[in-house]
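**Student:** Take a look at this one; I'll ask things after.
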Amino acid sequence: MPLRKVLVREYMAANPVTVAPDTPILQAIHALVEHRISGLPVVDLRGNLVGMLSESDCLPIAVQASYHGELGGTVSEYMSHEVKTVDPDDSIVELAERFMRNKLRRYPVVERQRVVGQISRRDVLRAMEFLY
C-alpha cells in the first residue's frame with residue numbers, strides 16, 4: 001500500500017493517557033514521567049479536548065519551586081488552551097509534513113471533539129518501516 005494511503009488511525013496510540021483540568025499538576029507530571037510521554041491531552045468529563053499539557057509547560061514549575069519553594073496548582077493553570085489536532089483519517093504523509101513545519105512532538109487525535117488517540121513523530125516513523 002502506498003504510504004500516502006496510510007491513515008493516522010492505523011498508527012496512533014488509542015486510548016491515550018489523559019488528565020482533567022483540575023488534576024493536581026504534580027500528579028500530571030508523574031503521569032508524563034511514568035508513561036514516558038511528552039504530552040497529555042486535557043479532557044473534560046465527556047472526553048472533549050480542552051487543552052494540552054506538555055513537558056515544556058511543566059518546566060516553569062521546577063524553576064518556580066527552586067525560587068519560591070512553591071510546588072502545586074492544577075493542570076488548568078499550566079496547560080496550553082489552543083491545541084493543534086489531527087483527524088484519525090488524515091494521511092500519515094500529511095502528518096509527517098506537519099511535523100516538519102513545527103516543533104510539536106505529538107498531536108492529540110480528535111474525532112467529533114473527543115480524544116480518540118495520540119500520535120507522535122515516532123509513530124510516523126513506525127509507519128515508514130514497512131518501506132524497507
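**Student:** Between Y11 and residues 5 or more places away or on another chain, which pairs have amide H atoms under 5 Å apart, with H built 1.01 Å from N, and which residues are they?
**Tutor:** HN-HN under 5 Å from Y11: empty list.
**Student:** Give me the net charge of V116's neighbourhood, meaning all other residues with Cβ under 10 Å from the Cβ of V116; Lys, Arg count +1, Asp, Glu -1.
**Tutor:** +1
**Student:** How much length, in nm to one decimal, is gained on full extension between S56 and R121, taken as 0.36 nm per residue of separation minus their Cα-Cα distance?
**Tutor:** Here the answer is 21.7 nm.
**Student:** Would you mind checking which residues have amide H under 5 Å from E111's amide H? H placed 1.01 Å from N; only 5 or more apart, or other chain.
**Tutor:** It is V116, by chain and number.
**Student:** What list of ³J(HN,Hα) couplings, whole Hz, do you get for segment 106-112 from phi and the Karplus terms 6.51, -1.76, 1.60, once you set θ to phi - 60° and write x for glycine and proline?
**Tutor:** Computed from phi, the couplings for segment 106-112 are 7, 10, x, 9, 10, 10, 6 Hz.
**Student:** Out of N102, L71, V115, whose Cα points farthest toward the positive end of the dipole of segment 3-131 (charges: +1 Lys, Arg; -1 Asp, Glu; placed on Cβ)?
**Tutor:** Result: N102, furthest along the dipole toward the positive end.
**Student:** Could you check how many percent of all C-alpha pairs in segment 3-131 are farther apart than 21 Å?
**Tutor:** Beyond 21 Å sits 41 percent of the P(r) for segment 3-131.
**Student:** To continue, here is another question. Angle between the Cα long axis of helix 55-68 and the longest principal axis of the chain, 0 to 90 degrees, nearest 10?
**Tutor:** 10 degrees
**Student:** Students often check this: by mean Cβ neighbours within 10 Å, which of 82-88, 23-29 ranks highest, and how do the rest follow?
**Tutor:** The peptides rank, most packed first, as 23-29, 82-88.
**Student:** Related question: What's the ranking of 99-105, 42-48, 109-115 by average number of surrounding C-beta atoms within 10 Å, highest first?
**Tutor:** Listed from highest to lowest mean packing, they are 109-115, 42-48, 99-105.
**Student:** Here's another thing I want to ask about it. If you take the beta carbon distance between L71 and L104 as r and set R0 to 22 Å, what does 1/(1 + (r/R0)^6) give as a FRET efficiency, to the nearest 0.05?
**Tutor:** With R0 = 22 Å, the Cβ-Cβ based efficiency is 0.25.
**Student:** Under the rule of at least 5 residues apart or a separate chain, name every residue whose amide H is placed under 5 Å from the amide H of S38.
**Tutor:** none
**Student:** If you place +1 on the Cβ of every Lys and Arg and -1 on the Cβ of every Asp and Glu, how big does the dipole about the Cα centre of segment 1-111 come out, in debye to the nearest 20?
**Tutor:** For segment 1-111, the charge dipole is close to 420 debye.
Just so you know, all these numbers are worked out from the coordinates, no wet-lab data involved. Computed from a prediction, not measured in an experiment: that's the story for all the values here. So basically every Cβ, Gly included, is an ideal-geometry build from the backbone, and we count neighbours across all protein chains shown.
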